[in-house]
Amino acid sequence: MLNNVIKELCNSGATVIVFGSVNRPRDFSRYLSDINILALGGSRVSGINGFISLIQTDADALSNRCYYGDPLCIWLIKDSKVICGSSPELKFNVTTWTIDTIKQLILNNMALLYENLLLGNLTWALNNAYHAVKLTAIYKTIDEPTLDDLELVRRINGELSTLLLRLHELRLNDLVISVEDTDKVAGEIGTIIGVRLPSVSDVREKTLGNPYASIQCDNYGCLVFKSDEEPWDYYYV
């Protein structure tokens with residue numbers, strides 16, 4: 001599938017760039033990592049499976065996104081490989097958009113972490129925790145970001161560094177996350193980004209044993225939605 005997608009894009013005249021952990025073998029999880037592809041120009045491709053993440057845009061739009069601070073450009077500048085065509089020279093600026101977007105990505109991963117724990121999907125919960133912690137490390141080092149896990153571990157201090165290394169190792173060894181580690185993740189991330197993130201016991205108590213409860217996290221904390229039928233019936237954990 002991957003080779004077919006890349007071949008189709010290259011044959012259509014697109015510039016194809018692969019980015020993310022696929023370019024960092026010591027960070028790549030064979031079961032959890034996806035393949036990130038950026039295509040500039042060329043034909044539209046559909047029918048992509050869940051482990052291939054494809055972004056299709058044009059060079060001018062990408063340059064604008066980088067100039068105004070889209071965090072995607074950190075990966076493209078620091079962590080990419082051109083497969084065919086030629087990549088434009090990108091200038092990335094750290095802006096409020098950068099900070100706000102990274103913070104919301106952290107919160108999105110925390111919400112998914114809680115949901116997957118409720119469902120018993122501990123492998124995917126681990127993946128969400130890993131991404132939340134790694135994004136928090138990038139958030140802390142945004143002026144000189146790196147995407148290599150072990151380099152990030154060396155650059156940051158304290159509990160966050162310990163958590164990133166532990167989650168990195170659990171993920172590569174196809175293990176799962178514990179409730180204790182989840183609470184540590186919530187506490188450390190919440191302190192760094194200034195958001196109250198609940199413990200696992202708080203989430204379980206407030207969802208009243210409903211494993212299908214929907215959770216969303218924002219700058220004020222995490223919301224639990226009781227049901228899809230009554231979306232107005234929600235409250236902060």
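A DSSP coil position with no more than 15 other Cβ atoms inside 10 Å describes the following chymotrypsin sites (Phe, Trp or Tyr not before Pro) in region 55-109: Y68. Applying both filters, DSSP loop and at most 14 other Cβ atoms within 10 Å, to the trypsin sites (Lys or Arg not before Pro) of region 82-146 gives K91. Its Cα gyration tensor gives the chain an equivalent ellipsoid; the semi-axes, largest first and in whole Å, are 32, 20, 18.
Cβ crowding within 10 Å, taken as a proxy for footprinting-reagent exposure, orders L32, L175 from fewest neighbours to most as L175, L32.
Explain nothing, just the number: dipole magnitude of the chain about its Cα centre with +1 on each Lys and Arg Cβ and -1 on each Asp and Glu Cβ, in debye rounded to the nearest 20.
In debye, rounded to 20, the chain gives about 540.
Compared with the dominant Cα axis of the chain, that is its longest principal axis, helix 158-172 is turned about 70°.
About the Cα centre, and with charges only on the beta carbon of Lys, Arg (+1) and Asp, Glu (-1), how big is the dipole of region 2-84? Nearest 20 debye, please.
Around 260 debye, computed over region 2-84.
Counting only DSSP beta bridges whose two residues both lie in region 1-119, roughly 60 percent are antiparallel. Using the alpha carbons alone, the radius of gyration of region 34-108 stands to its Kirkwood radius in an Rg to Rh ratio of 0.97.
Between the helical axis of 122-140 and the longest alpha-carbon principal axis of the chain there is an angle of about 70 degrees.
What net charge is computed for the residues neighbouring K184, neighbours being all others with C-beta under 13 Å from the C-beta of K184, Lys and Arg scored +1, Asp and Glu -1? Summing Lys/Arg as +1 and Asp/Glu as -1 gives -4. Once you reduce region 2-18 and region 71-143 to the center of their Cα atoms, the two points are 24 Å from each other.
Which of rounded, prolate or oblate describes region 96-197 when judged by the alpha-carbon gyration tensor and an a/c cut-off of 1.5? Note, shape of region 96-197 comes out oblate. Summary value for the chain: 15 percent relative contact order, contacts being C-alpha pairs under 8 angstrom separated by 6+ residues.
Which longest run of the chain has no exposed loop site in it, a site being GluC sites (Glu not before Pro) in a DSSP loop with at most 11 other beta carbons within 10 Å, and the site itself not part of the run? Result, exposed sites excluded: 90-228. Around the Cα centre of region 96-197, unit charges on the Cβ atoms of Lys, Arg, Asp and Glu (plus for the first two, minus for the last two) sum to a dipole of about 140 debye. Based on alpha carbons, the Rg and Dmax found for region 178-226 are 10.9, 30 Å.
The angle separating the long axis of helix 179-193 from the principal Cα axis of greatest extent in the chain is about 70 degrees. Calculated FRET efficiency, N3 and D34, Cβ-Cβ r, R0 25 Å, to nearest 0.05? Here the calculated transfer efficiency is 0.95. Restricting attention to the chain, close to 75% of DSSP beta bridges with both partner residues there are antiparallel.
Number of Lys-Lys pairs in the chain with C-alpha atoms under 20 Å apart and a separation of 8 or more places or on different chains: 13.
Taken together, the values in this text are just the output of simple stated rules run on the coordinates, not laboratory data. Here the structure is a predicted model, which means the values were calculated and not measured. Note: ideal-geometry Cβ built from the backbone for every residue, glycine included; neighbour counts use all protein chains shown.
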